[in-house]
Structure formats: structure tokens, C-alpha cells
1. Within segment 102-115, is even one residue in contact with a Gly (Cβ under 6 Å, 6 or more places away or on another chain) and either at pLDDT below 70 or surrounded by 12 or more Cβ atoms within 10 Å (Cβ to Cβ) (or both)?
2. What are the pairs, 6+ residues apart or on separate chains, where a residue within segment 126-152 that is over 27 Å from Ala162 (Cα atoms) has its Cβ under 9 Å from a residue that is in a loop (DSSP other than H, G, I, E, B) and among the small types (Gly, Ala, Ser)?
3. Scan segment 6-28 for residues that are loosely packed, with under 13 Cβ neighbours inside 10 Å and more than 18 Å from Glu127 (Cβ to Cβ) and jot them down.
Amino acid sequence: MLITPVQLFDEPLEIDETIAPGTLEYGPDTRQVSPLPVKGQADLLIEHRSEERGVLSQVNDIRLRASYQGEFEVLCARCVDPVPQFLSGEFDLIFRPVEADSEFGEHSITPDETEIGYYEESGLLLEDVVREQVLLSLPPRTLCKPDCKGLCPRCGQNQNLATCSCGQIPSDPRWNALAGLADKIEVKH
């Protein structure tokens, strides 16, 4: 859904969209498995700026407030099995046309300006905003269970399902110099 300032001049735009699974790409380890309803509102915020020689200009910011919720699968960080995740969230964001702040050279920004996103001349894509918000709401690391044993680094066997015989294979002799090093290191608390 493309949101443009022209749509918002007379009244706010009510958003009631459902993003189907497979529509958005979240990355190789995250998959949407249920419809993702997005409900909210987009408003136009007009910012008046004075430019050189006393000429006033107008910047059309878009304020997007919405909520979402849906079922996802995230791969376990140790064994790469899919882990069901229910994600929901709310956001209240402001987007400015990219050309409004496109000054040449370096310039400092205020803390408030760090909270502003930008949209291209064609408008703001709701799907791009939702994708970003879903990715930000994911936990930094997902495990299928707290004591997940992961994959064997040699053969790739999922250690939660079966034990491989790789532990009985002699290790590479080049690592023998490090054998017992952990016992020699004094741990300070």
C-alpha cells in the first residue's frame, strides 16, 4: 500500500490491511506463517520552513500510527529448527520527503531528527515500514529450548535428536598444544 501526501490533505487515511504470508521477505531465518493484519492511521503533518531571502517552504511529513500481529517462524540459533513466534507491536513514526533534508555537505542533526524516517517522491510503502518494525521486534537470539544442544560441528547432526560418533574421533593433532589450557587459566571473580 502506497501512502502519499496527496491522499492525506483532506483527512487522515485509515489503514486496515492484511499482509499475506510470503509477501514480505524478512531474511533467511524468519518466515511469516499467518496473515499479518495491520490497523492504524496515516496523517499529514505540514511543517513550514523559512528559507533564504524570506521565502517560506512547506514540508509534508507523514505520521504513521499502526499496530500489527501475526505468527512467524524463526530458526533456532543453535540447531536451526523452526521456532514458532507470535509477534505483535505498535508504532508511531514520522516520515519526511527525502529531498526536504538533502543539503550538500556535512551538517549536524538534532536528537529529534534521529527519530525521523524518509520517503521517496513516489510516497511511503506501508509494507516497508511493517517489515522493519517486525524485524526490530524479533528477539536478538531465538532458541528452540534453553538447553538446545545444537548441531555437531563436524557432521552437522542435530544433537537434540541423536548423538553422533564424532566425539569418539580423535581431534586434529594441531590443537594438542592448547589441551589443558583451560585448567591453567586462573579465573578471577
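The values are calculated or read from the model by the stated rules, or taken from the named source; none is laboratory data. Remember, predicted model here, so these are calculated numbers, not experimental data. Virtual Cβ from ideal backbone geometry, glycine too; neighbours counted across all protein chains shown.
1. no
2. Leu135/Gly27
3. Val6, Phe9, Asp10, Glu11, Pro28 - these are the residues of segment 6-28 that are loosely packed, with under 13 Cβ neighbours inside 10 Å and more than 18 Å from Glu127 (Cβ to Cβ).
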